[in-house]
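**Q** Pasting a structure here, questions to come.
Just so you know, all these numbers are worked out from the coordinates, no wet-lab data involved. Everything numeric in this text was worked out from a predicted model, so none of it was measured. Heads up, the Cβs are rebuilt from the backbone with ideal geometry, glycines too, and the neighbour counts pull from every protein chain shown.
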2 protein chains.
Amino acid sequence: MPDRRFDVLAIGNAIVDVIADADDGFLEREGMHKGGMRLIDEAEATRLYDAMGPAREASGGSAANTVAGLASLGLATSFIGQLADDQLGGIFAHDIRSLGVDFGTAQRDDVGATARCLILVTADAQRTMNTFLGAAQMLGANAVDPADVAAASILYLEGYLWDPADPRAAMYKAMDVARDAGTKVAFTLSDSFVVDRHRADLNRLLDEGRIDILFANQAEAESLAQTDDVEAAVTALGGKVETLVVTRSEHGALAVRGGERADVPAEPIARLVDTTGAGDLFAAGFLAGEARGLGLERSLRLGAICAAEVIQHYGARPETRLRALAGDLLD
Amino acid sequence: MPDRRFDVLAIGNAIVDVIADADDGFLEREGMHKGGMRLIDEAEATRLYDAMGPAREASGGSAANTVAGLASLGLATSFIGQLADDQLGGIFAHDIRSLGVDFGTAQRDDVGATARCLILVTADAQRTMNTFLGAAQMLGANAVDPADVAAASILYLEGYLWDPADPRAAMYKAMDVARDAGTKVAFTLSDSFVVDRHRADLNRLLDEGRIDILFANQAEAESLAQTDDVEAAVTALGGKVETLVVTRSEHGALAVRGGERADVPAEPIARLVDTTGAGDLFAAGFLAGEARGLGLERSLRLGAICAAEVIQHYGARPETRLRALAGDLLD
């Protein structure tokens with residue numbers, strides 16, 4: 001049995017979120033699809049930022065948010081993601097390290113600017129994301145230390161990073177190491193555009209047995225299975241992966257493993273403020289349960305509790321110690 | 001009658017706040033005085049930041065927060081403050097311009113780094129501030145355009161900036177222009193340490209009639225008047241300035257002008273989160289009332305309403321449109 005220093009090691013985009021309120025008219029004038037994510041280049045990021053209202057900045061990034069949630073739950077974590085050697089990079093590195101996360105990827109001065117996600121939050125708490133990937137997409141395979149991957153119980157991969165070529169190579173390398181080391185591989189589809197662009201590739205990963213735990217929201221699951229029926233998607237994908245987790249926003253979440261299935265409702269909340277990070281924190285709770293061997297239902301409940309915390313305030317990282325919210329679920 | 005394009009033109013520190021939760025033990029270990037502000041150098045800012053928990057970033061600066069409040073109340077404002085040509089400088093410039101504030105001070109690459117205030121918020125909502133002034137204290141007199149000062153009804157000066165020599169010269173220049181142009185001069189004492197270091201200078205400003213409106217909290221007023229009795233301080237300072245405003249946290253605020261005096265209680269609030277910006281936003285409300293000629297009591301009530309908004313969330317800038325909260329007070 002190898003030494004597992006980390007419950008979860010994640011590879012993802014290292015991004016600073018820039019969060020501003022906006023009204024529906026602004027989204028319309030900008031031609032944005034509410035609730036969606038689109039990639040933008042640096043010139044568009046500058047133009048859009050100039051058009052936005054006053055903002056607050058906070059570390060983000062999908063898998064990084066998940067790792068922050070896992071750390072808040074008391075799990076041992078490591079993160080790999082590329083930053084530039086600039087002030088926003090310093091903010092991201094500080095924030096993740098101050099959570100106790102092992103983060104060793106060096107900031108580089110040859111990768112442009114640190115990634116930014118311009119997030120517009122409307123009065124209905126929906127977030128619409130515009131991501132300039134910058135340095136994050138320059139993550140190379142040499143940033144992956146095989147010893148670290150082999151030292152993790154679970155390797156968690158962010159689908160957003162499947163799009164650019166260099167990070168994809170880094171993730172292939174990590175998956176190979178994980179298979180040899182007996183490290184479970186978890187993968188989140190991240191966004192329907194990722195599924196659209198890489199459906200064949202993603203199905204091949206599943207068919208080859210490279211993914212042990214697949215996270216998808218309803219739209220992503222339906223898109224990957226090419227059906228408009230969520231139950232049909234669950235049946236199709238559930239047959240291709242050891243563990244499938246499907247999140248359904250306010251309709252709760254479900255997981256299937258072999259012949260077993262569990263469904264949980266969404267946690268009740270006092271006030272919905274900003275849905276940014278809901279899926280990321282759901283994954284944190286579920287992975288914590290998996291790492292502790294709690295079984296599908298308790299892992300799903302942990303996911304729902306973590307997601308409920310993050311949607312009740314601005315920003316995609318927990319502001320409450322999740323270990324306390326988890327209560328005896330994690331004892 | 002000159003053309004008054006601006007209700008208020010302010011000169012202040014251009015600072016980005018870095019806000020993190022902390023417990024009392026952290027403040028004790030760091031030897032910090034809870035609720036206070038201290039100046040730190042860049043090396044100490046780096047060391048303290050490394051020791052802090054995850055943070056969120058948002059534009060701050062005392063007079064800049066006041067200007068943000070005035071803009072949110074619908075008043076026409078201008079701001080002068082020095083930024084470096086770095087990412088945090090870009091954040092500050094974006095945030096203040098996106099509020100509709102006229103801000104023309106060029107970011108410079110020869111002034112070090114943009115100022116940062118490391119703010120530790122404890123569970124009792126008290127903020128303890130550690131300020132690295134950086135570029136902000138490099139503000140020069142040539143950044144003050146006399147035509148802009150003459151075009152303002154009120155010139156608002158931040159006492160924090162009285163400490164470094166170059167900005168003090170800039171403020172002297174602005175006061176001279178204001179006197180010739182009939183622009184009222186408002187001054188906030190900012191902090192007891194400013195009063196301690198510059199008591200003779202500040203008393204001379206008052207004796208020479210250079211200040212028309214003086215803002216102080218209770219501790220600052222008592223320190224300037226060298227008494228431990230707030231009523232004695234009000235009597236002493238009220239005789240030396242046309243309008244005196246004294247804020248007293250949860251005990252409300254008072255103002256005196258000639259033989260007139262008004263007292264208002266603090267506004268009731270639902271939950272106290274972070275007191276950062278309370279005095280700055282109080283000044284915004286009061287100055288808005290002054291600019292509209294509403295009289296002492298209504299101006300104080302506007303101040304109390306604006307302060308109540310900002311202490312119910314993290315960060316020192318309003319998150320609600322203050323014009324709506326002000327209701328018929330500003331009609």
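**Q** Quick one: net charge around B:Phe193, please, counting Lys, Arg +1 and Asp, Glu -1 for every other residue with C-beta under 9 Å from its C-beta.
**A** Details: positive: B:Arg38, B:Arg197; negative: B:Asp163, B:Asp191, B:Asp196.
Result for the neighbourhood of B:Phe193: -1.
**Q** Something else about it: What percent does the relative contact order of the range B:145-300 come to when contacts are Cα pairs within less than 8 Å and at least six residues apart?
**A** Working: 233 pairs, mean separation 24.0, N = 156.
Taking the mean separation of contacting Cα pairs over the length of the range B:145-300, I get 15 percent.
**Q** Here is a further query. What gaps in nm, shortest first, separate A:Tyr172 from its twins in the other copies when you place the label 7 Å past Cα toward the beta carbon?
**A** 6.9
**Q** Further question: I'd like the distance between the alpha-carbon centres of the range B:200-215 and the range A:138-198, rounded to an integer number of Å.
**A** Distance between centres, Cα-based: 64 Å.
**Q** Kindly work out what percent of the DSSP beta bridges joining two residues of chain A are antiparallel, to the nearest 5.
**A** Working: 20 of 55 bridges.
Expressed as a percentage, antiparallel bridges in chain A total about 35.
**Q** Hey, another quick one. Pick from A:Ile269, A:Ile305, A:Ile11: which residue has the top mean-square fluctuation in a GNM of chain A where Cα pairs under 10 Å get a spring?
**A** Comparing A:Ile269, A:Ile305, A:Ile11 in a Gaussian network model of chain A, the most mobile one is A:Ile269.
**Q** Oh, and also: Just to confirm my numbers, what's the Cα centroid distance between the range B:265-331 and the range A:1-41 in Å?
**A** Centre-to-centre distance over Cα atoms comes out at 34 Å.
**Q** Where is the GNM fluctuation largest for chain A (alpha-carbon springs, 10 angstrom cutoff): A:Ala63, A:Ala253, A:Ala165?
**A** Taking springs between Cα atoms under 10 Å, the residue moving most is A:Ala165.
**Q** Does the range B:6-330 come out rounded, prolate or oblate, given a ≥ b ≥ c as the square roots of the eigenvalues of its C-alpha gyration tensor, rounded meaning a/c under 1.5 and, failing that, prolate meaning a/b above b/c?
**A** Working: a/c = 1.33, a/b = 1.16, b/c = 1.15.
Rounded, because the longest to shortest axis ratio a/c is under 1.5.
**Q** Then there's this: Counting other C-beta atoms within 10 Å, which of B:Asp7, B:Asp24 has the fewest, and how do the rest follow? Could the numbers behind the result be given before it?
**A** Working: B:Asp7 21, B:Asp24 13.
Starting with the residue having the fewest Cβ neighbours, the order is B:Asp24, B:Asp7.
**Q** Within a 10 angstrom radius of the beta carbon, how do B:Thr122, B:Thr183, A:Thr320 rank from fewest other beta carbons to most? Mind dumping the intermediate values first?
**A** On the way: B:Thr122 17, B:Thr183 24, A:Thr320 14.
Ascending number of Cβ neighbours within 10 Å: A:Thr320, B:Thr122, B:Thr183.
**Q** How long are the three semi-axes of the equivalent ellipsoid of the protein assembly as shown, in whole Å, if each is the root of 5 times an eigenvalue of the C-alpha gyration tensor, listed from largest down? Write down the numbers at each step before the final one.
**A** Numbers: eigenvalues 518, 107, 102 Å².
They are 51, 23, 23 Å, listed largest first.
**Q** Using a label point 7 Å beyond Cα on the Cα-Cβ vector, give me the inter-copy distances for A:Arg29 in nanometres, one decimal, shortest first.
**A** Taking the point 7 Å beyond Cα along Cα→Cβ, the inter-copy spacings are 4.8 nm.
**Q** Taking a label point 7 Å out from Cα toward Cβ, give me the nm distances from B:Ala43 to the same spot in the other copies, shortest first, one decimal.
**A** 4.5
**Q** Using only alpha carbon pairs under 8 Å that are at least six residues apart, calculate the relative contact order of chain A and give it in whole percent.
**A** Values: 752 pairs, mean separation 61.1, N = 331.
Relative contact order of chain A: 18 percent.
**Q** With an 8 Å Cα cut-off and a minimum separation of 6 or more residues, compute the relative contact order for the range A:127-174 in percent. Don't jump to the answer; show the numbers that get you there.
**A** On the way: 32 pairs, mean separation 24.6, N = 48.
Reported as a whole number, the value is 51 percent.
**Q** Can you show me the helix-derived [θ] at 222 nm for chain B, built from DSSP H runs with n ≥ 4 at -39,500 (n - 2.57) apiece and divided by the number of residues, rounded to the nearest 500. Write down the numbers at each step before the final one.
**A** Working: 12 runs with 128 residues, N = 331.
The per-residue figure over chain B is -11500 deg cm²/dmol.
**Q** What nm value, rounded to one decimal, do you get for the distance between B:Arg29 and B:Asp3 when each label is placed 7 Å out toward the C-beta?
**A** That separation, rounded to one decimal, is 5.8 nm.
**Q** If you don't mind, there's one more thing I want to ask. Most mobile of A:Leu157, A:Leu99, A:Leu118 per a Gaussian network model of chain A (Cα springs, under 10 Å)?
**A** A:Leu99
**Q** For the range B:47-83 and the range B:236-260, what is the separation of their Cα centres, given in Å?
**A** Between the Cα centres of the range B:47-83 and the range B:236-260 lies a distance of 26 Å.
**Q** As a footprinting exposure proxy, order B:Phe103, B:Phe6 by other Cβ within 10 Å, with the fewest listed first.
**A** Numbers: B:Phe103 20, B:Phe6 26.
Going from least to most buried by this count: B:Phe103, B:Phe6.
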